[in-house]
Amino acid sequence: MREDFPFFDSQTGEPEVVYLDNAATTQKPRCVLEALQNFYCHINANVHRGAHRISRLATDAHEEARHCVSQFLHAASEKEVLFTSGCTEAINLVAQVLALSGRVRAGDEIVISTDAHHSNIVPWQMLCERVGAKLRAVPMAPDLSFDMAAYINMLCERTRVVAVPVVSNALGIRLPAEEITRAAKRVGALVLLDGAQVVSHEAVDVQSLGCDFFAFSGHKVYAPTGTGVLWGKEELLETLPPWKGGGEMISQVTFAHTTYNKLPFKYEAGTPDIAGDIVLAEALRYVQRVGFSIIREHEGRLMNQLVTGLREIPGVQVLGGDSVQLTSLVSIHIPGVHHYDLGTLLDQMNIAVRTGHHCCQPLMQRLGITGTTRYSVAMYNTEEDIYRALRATSRALGMLR
């Protein structure tokens, strides 16, 4: 798999960079880069309503991309797939249209998780401020997992929305998304799942998840930045108002009144990122060709090697208890050592990791720390990568203590 990624061919220095910042963004396979070049070289035209052949080719490729995403997510219809600029825009879209629709009102409650990304906190805060609703965060269990018992106790007839990640981007812990959704449905709440950290690691079936909305970013699943998807149930999207106004989302416009386009175009105002959406589909096809069973087995071995090795380094605290299964990333804290200092030394040893609060400041406040050092794997990482990262971490900590 590594040979499919030109990024690693371009590493001319010795030793080669060990890239373990995949939770922030992934490298791109050659087929994705070629698909991007092919669009701009051969079928670069605006989509829909074009009378000429190139426009029709671009339109066909764009809507084929939507079909690909629909199949990838096991959507009931292609109408349920909305292209966005990423997971952040997708969540903002949902929050805004729920406010516009009156589905969330004063006194209602929105439930999120303590380990939520800012993109799954701030849009809901803005919604609550607009309509007078209340935002509630589910506490964490002692091992930092999602406290299901506390969550069940929080749900009530005022709960309108539950919005949680499938996998925590700061801890690597997989939340019980299916169980969370079932409980929310018992009180009639809508459920949005942030899938940013899961789509490149395991197969997603929105029917099995049972949620109402599912959002993810393309750049975390080997596609370009600025691409993403919001999936929503068709019958729900039909009843909700549009968000942005402009071209493509309209059917008829007069100065007196506007009628809106059918799904999915009702939510896609303006010229989309045509090339990006097409290439996002190519990235999904690539992942499916490799196969999620192969990806999960390979990444599972790497994570076992990584987490075991980190726990063996004196003074390293792996966030998440021994009973917690970490998926594709792990965060560590070393009392007395600043995460930025560790990350800087690792960079000098050609190890690329992420340091900071990972857009999870409330979580860091809960943990009583300013940030962590995060290692995250992808399909192209190797056991040698992990060995070098562990050796460099041990060496760096020896310098810092």
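We did not get these values from a lab; they are worked out from the coordinates using the rules stated. Keep in mind that this is a model prediction, so the values were computed, not measured. Reconstructed Cβ throughout: ideal geometry from the backbone, glycine too, with neighbour counts over all protein chains shown.
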Which of PHE39, PHE292, PHE255 has the fewest Cβ neighbours within 10 Å, and the rest in rising order: PHE255, PHE292, PHE39
Spatial separation of Cα centroids for the range 326-401 and the range 214-285, in angstrom: 36
Cut-off 18 Å (backbone N to label point 7 Å along Cα→Cβ of ALA45), residues of the range 263-297: 271-276, 278
Rounded Å value of the spacing that divides the Cα centres of the range 42-93 and the range 289-321: 35
Tail weight of P(r) past 34 Å, computed on alpha-carbon pairs of the chain, percent: 32
Least to most buried among ASP60, ASP347 (fewest other Cβ within 10 Å first): ASP60, ASP347
Highest to lowest packing among 369-380, 385-396, scored as the average C-beta count within 10 Å: 369-380, 385-396
Residue order, fewest to most beta carbons within 10 Å, for LEU237, LEU33: LEU33, LEU237
Under 15 Å between alpha carbons - lysine pairs in the chain that sit 8 or more apart or on different chains: 9
Value of relative contact order over the range 43-288, rounded to a whole percent, pairs C-alpha under 8 Å and six or more apart: 24
The range 1-80, Rg to Rh (Cα coordinates; Rh as Kirkwood inverse mean 1/r): 1.12
In the range 13-90, the GluC sites (Glu not before Pro) that fall in loop regions by DSSP, at most 16 other Cβ within 10 Å: GLU16
Added length on full extension, which subtracts the Cα-Cα distance from 0.36 nm per residue, ALA149 to ASP322: 60.3 nm
Pair ARG391, MET126: separation of 7 Å Cα→Cβ label points (nm): 4.8
Cubic angstrom per residue, convex hull over Cα atoms of the range 307-360: 106
Inter-label distance for ILE294 and THR258, nm, one decimal - labels placed 7 Å from Cα along Cα-to-Cβ: 4.7
Theoretical gain in end-to-end length, MET1 to GLN207 [0.36 nm per residue, Cα-Cα removed]: 71.2 nm
The chain: antiparallel DSSP beta bridges as a percent of all, rounded to 5: 55
Computed E for SER251/HIS67 - FRET, C-beta separation, R0 25 angstrom, nearest 0.05: 0.65
Pair GLU383, PHE8: separation of 7 Å Cα→Cβ label points (nm): 1.5
